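K.L.:
Starting off with a structure, shown below.
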Amino acid sequence: MLTRLIVYFAYFLKASRRYQSAKLFFYNLLENPDSRLKSYFDVVMICLVMVSVFLLIHEVNNPLSESEVLFEHCVISVFIAEYLLRGWLYSDNHKIILEHYEKAEYLNVPFRLNRVARIILAKKIEYVFTPLALIDLLAILPSYRPLRVLRVFLIFRLFKLFRYFNSIKLFANVLASRRFELVTLGIFLGFLVFIGSTGIYLFENPANGGQVHNLFEAFYWAIVTVATVGYGDISPQTTGGRIVAMALILVGLGVLSFLVSIIVGAFNEEMDELRENSTYAELNRFDSFIIICGFGRVGQHIARQLEKDRLHFVIIDTRESNVLKAKRLGYLVIHEDASKNGVIQNAGINNGATAVICTTGDDVINVYITLTSRHLNPDIRIISRANNQDNVKKLYQAGASNVIQPFEIAGMVVAEYIGQPVAFEAILGIIREESHTIMETLCVHPGSFVEGMSIAEIGFEQRKLMLIGIISANPEHHTHKNSYPIKNQHFYFNPEPYFVLRDSDLLVVIGREYAIGYFRDQIEKSRLKSGRQR
Amino acid sequence: MKRIAVFGYSVMSLEAMSRLNQEQYSIVFIAKDDAEAALVAEKGFDTKVIDFRNDDELRSIGIGADVDTLFCFYPRDFDNVFLTISARAIDKNITIVAIVDDPESAEKLLAAGANKIIDPYEICGRKTHEMLTKPDITNILDNTVFGRYDLNMAQIEIPEGSCLENTKTSELKLNEKHNLILIGVVDRELGEQLHFAIGEKEHCLDAGDVLVVMGPAREIKAFKKEVEPCGD
């Protein structure tokens, strides 16, 4: 009966939306390294730990006031709640129960509750004995009055900080990666200390006129000497003792430098990866960004423009010198080969990236990156550079949305400059937004006041705007003249006064920034108003 | 007819040459050897082979005489600087357009006497950026200013004795009469600056003023005819 009830309850939990979302919330709060919630939680916990440790230090000399005691209780309850929640998150009991139950059903053997209970218990005990959980427990326990003896363990509260500081974790990871070297060195050091302490004890015991009374003092002296600290409270008096000291100091110097070099080496090796990880983490925080593959001359210009626009972007380049340059400019950069699937995926092609720009100097690589990106994300915008006219078609085939040809464009610009300098400078000024007059597109939102109005009714002249044309995919407009196909839309140049605007048409206007801004605001406002009325 | 001399063989020089209207400009390509000359001649351009380091040979192709514009499109910056200095020394009034590889060389080229510096990488970077931030506008401009379709942007100078003299800009009504859009006016009374026709100020047209218009090529042609002196 009880078994059936428990299995039923497990199914209930599995199906319960609320239970799942609660668990997900706490997972995000406590464990999920990518969640923003966790970083806030960590900061709060760090503050709590610091304040509570400060209180403990304060308590050494002064009795605590009532409010301080209350605060201490609060801190402890938060710690306990955190400890229990982590235990809860550590494993999914209902899943274990159901897994075993379904297995038993399938094999037609009786379902034994006590075996499952044992497995669950084993899991939870496993949690209790993980190092971080032990630290958590030790940070809580001493607060229980009968266990006041354990006060020393209050220092474990500081160790609790491990949980919340990523850099400490990183340090631990770096050390862990050099486990073999460190263990070897540790064994050697232990051996050295052992020889040193027995040697000094033999030479320097009081019977020989020395100061070393027992093996512990010998051990203490050996450690102090090997570490090149040398307090001098115990110093060898006999010749034999001094020889031991000299040898120990020299070898100690070697061991110390070896230790430092191991740690430094490990850090150097891990540093690049760490830096890249921090790049990825930063990218994760952006809602939208652009991936620039290749930080050559073109890439640099694009990056500068995007920076001016305050748009986020990340650079991927294989060349060391380019990566260094990007770093010096303070850009996010990944030193990898963008043609690899993993690299561009990690950079977030499916996770916030809005466009990929391939601007390497090699068309072969550009085609490859374009193909890779298109394969990974069928909807993303890809702008690719073609250095050779023949490759434009291939880039479009590979899936580029737009292809840019640097030398062709430059040639075009020169021709325009020679032929029609005034017109050319005017249009460049508009594009670059150097003057206050800009060219913009305004969308006719459904429900806004301009929808269904004719051009004459809107009165662009009174609004101090110049209407160049209308971009629209609406088949209703096909009867108008002056239409130019652009991709799957049409551009209607100089529309007649009776041209009636339909929703999602784009108005292309030239005008002062604020005139355009004001008109856009009016459109937006009228749309919101009509939306509310509905 | 303007005469243009193009130095240096590259994709860019070919593109620039093919975009310039052969009816309005006489273009001569200066090759460094016969093979290069043959390659360009195949595309239908006049070519000459000279050593640009020699002033006499530069004079022989008409610099200092009938060449109005010089394109320095050598891939190496110091060649361009040298050519610019030589040409500027021969002719004070020649228009020199030079490309630059290293941005640092831009100042040197300007100091050497170039009128316009083109950085292909910069232009490409800007273009990519425009495509990213304003795809619609870029598309339209590609099709108009950089004339892939029939839509064009043109500047029209008002000649002496034109029927448009003393006309007000608001009376032009180009969009109704000619299917053209008046983008802006350079009013010589107010300087060289272009004033956009966004209903801010009324300009009275005089000879020498420049209209910048946008529209289909044939409409522009028709309008140009109308601007010409009435008496003819």
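Nothing in this text is a laboratory measurement; each read-out follows from the coordinates by a stated rule. Just so it is clear, the structure is predicted and the values come from calculations on it, not from any experiment. Counting neighbours? That spans all protein chains shown, and the Cβs are built from the backbone with ideal geometry, glycine included.
K.L.:
How many Cβ atoms of partner chains, on average, are near each residue of B:191-197 if near means within 10 Å of its Cβ?
P.N.:
The mean count of partner-chain Cβ atoms within 10 Å per residue comes to 4.
K.L.:
Here is a follow-up. From the residues B:SER162, B:PHE71, B:VAL213, which one has its Cα farthest along the dipole of chain B in the positive direction, the dipole being from +1 and -1 charges on Cβ of Lys/Arg and Asp/Glu about the Cα centre?
P.N.:
The residue sitting farthest along the positive end of the dipole is B:VAL213.
K.L.:
Per 0.36 nm of contour for each residue apart, how much would the distance between A:LEU70 and A:GLN345 grow if the chain were fully extended, relative to their Cα-Cα spacing?
P.N.:
Computed gain between A:LEU70 and A:GLN345 is 94.0 nm.
K.L.:
Mind pulling the per residue volume of the convex hull built on the Cα atoms of chain B? Å³ is fine.
P.N.:
Convex hull of Cα atoms, per residue: 163 Å³.
K.L.:
For the pairs A:LYS529/B:LYS127; A:LYS393/B:LYS116; A:LYS394/B:LYS116; A:LYS393/B:LYS225; A:LYS14/A:LYS123; B:LYS2/B:LYS116, flag any whose C-alpha to C-alpha distance is greater than 29 Å.
P.N.:
Long pairs (Cα-Cα over 29 Å): A:LYS529/B:LYS127; A:LYS393/B:LYS116; A:LYS394/B:LYS116; A:LYS393/B:LYS225.
K.L.:
Treat the count of other C-beta atoms within 10 Å as a stand-in for reagent exposure and order B:LYS48, B:LYS108 from fewest to most.
P.N.:
Least crowded to most crowded, the residues run B:LYS48, B:LYS108.
K.L.:
Still on this model: State the three equivalent ellipsoid semi-axes of the range A:407-534, derived from the C-alpha gyration tensor as the square roots of 5 times its eigenvalues, in descending order and whole Å.
P.N.:
29, 18, 13
K.L.:
What's the center-to-center distance, using Cα atoms, between the range A:23-77 and the range B:55-101 in Å?
P.N.:
75 Å
K.L.:
In Å and from the alpha-carbon atoms only, list the Rg and Dmax of the protein assembly as shown.
P.N.:
Just the Cα atoms of the protein assembly as shown yield Rg and Dmax of 39.0, 133 Å.
K.L.:
Taking amide H positions as placed in the peptide plane 1.01 Å from N, state which residues far from A:MET453 in sequence (5 or more) or on other chains have amide H under 5 Å from it.
P.N.:
It is A:LEU501, by chain and number.
K.L.:
Can I ask one more? Under the classification rounded if a/c is under 1.5, otherwise prolate if a/b is larger than b/c and oblate if not, where does the range B:3-63 fall, given a ≥ b ≥ c as square roots of the Cα gyration tensor eigenvalues?
P.N.:
In terms of gyration-tensor shape, oblate.
K.L.:
Over the range A:222-381, what is the relative contact order in percent, taking alpha-carbon pairs closer than 8 angstrom and at least six residues apart?
P.N.:
This gives 20 percent for the range A:222-381.
K.L.:
Tell me, what HN-Hα J-couplings in whole Hz come from the Karplus equation 6.51 cos²θ - 1.76 cosθ + 1.60 at θ = phi - 60° for each residue of the range B:113-128, using x for Gly and Pro?
P.N.:
For the range B:113-128, the Karplus-derived couplings read x, 6, 8, 9, 10, 10, 10, x, 5, 5, 4, 5, x, 4, 4, 4 Hz, x marking Gly and Pro.
K.L.:
When Lys and Arg each count +1 and Asp and Glu each count -1, what net charge do the other residues less than 13 Å away from A:PRO497, Cβ to Cβ, add up to?
P.N.:
The answer is -3.
K.L.:
Let me ask something else about it. Under unit Cβ charges (Lys, Arg +1; Asp, Glu -1), what dipole magnitude, rounded to 20 debye, does the protein assembly as shown have relative to its Cα centre?
P.N.:
About 4320 debye.
K.L.:
So, by mean Cβ neighbours within 10 angstrom, what's the order for A:268-275, A:35-42 with the highest one leading?
P.N.:
Listed from highest to lowest mean packing, they are A:35-42, A:268-275.
K.L.:
Please state the Cα pair-distance histogram of the range B:160-232 with 5 angstrom bins from zero: what percent is in each bin?
P.N.:
Reading the bins upward from 0: 3, 16, 28, 28, 18, 6, 1.
K.L.:
Now, a different point. Averaged across the residues of B:180-187, what count of C-beta atoms belonging to other chains lies within 10 Å of each residue's C-beta?
P.N.:
For this peptide, the per-residue mean of nearby foreign Cβ atoms is 4.
K.L.:
When 1/r is averaged over all different Cα pairs and the result inverted, which Kirkwood radius in Å belongs to the range A:1-54?
P.N.:
Evaluated on the range A:1-54, it is 13.5 Å.
K.L.:
Which three semi-axes in whole Å describe the equivalent ellipsoid of the range A:196-340, each the square root of 5 times a Cα gyration tensor eigenvalue, listed largest first?
P.N.:
Equivalent ellipsoid of the range A:196-340: 61, 14, 11 Å, largest first.
K.L.:
Let me ask another. For A:PHE162, A:PHE129, B:PHE71, what's the fewest-to-most ordering of other Cβ within 10 Å of each Cβ?
P.N.:
Result, fewest neighbours first: A:PHE129, A:PHE162, B:PHE71.
K.L.:
While we're on this one: Amide H of A:ASN474: which non-local residues (sequence gap of 5 or more, or other chain) have their own amide H closer than 5 Å, using H built in the peptide plane?
P.N.:
Amide H neighbours of A:ASN474, under 5 Å, 5+ apart: none.
K.L.:
Then there's this: For the range A:516-521, what does the Karplus curve 6.51 cos²θ - 1.76 cosθ + 1.60, with θ = phi - 60°, yield as ³J(HN,Hα) per residue in whole Hz, taken in order and with x for Gly and Pro?
P.N.:
Once rounded to whole Hz, the list reads 5, x, 5, 4, 5, 4.
K.L.:
Averaged across the residues of A:505-511, what count of C-beta atoms belonging to other chains lies within 10 Å of each residue's C-beta?
P.N.:
Neighbouring Cβ atoms belonging to other protein chains average 3 per residue here.
K.L.:
Same structure, new question: In terms of Cα to Cα distance under 20 Å, which lysines are near enough to A:LYS169, apart from those fewer than 8 places away along the same chain?
P.N.:
Reachable lysines: A:LYS38, A:LYS160.
K.L.:
Multiplying the sequence separation of B:ILE90 and B:VAL49 by 0.36 nm and subtracting their Cα-Cα distance, what value in nm do you get?
P.N.:
12.8 nm
K.L.:
Subtracting the Cα-Cα distance from 0.36 nm times the residue separation, let me have the gained length for A:LEU250 to A:ARG319 in nm, one decimal.
P.N.:
20.4 nm
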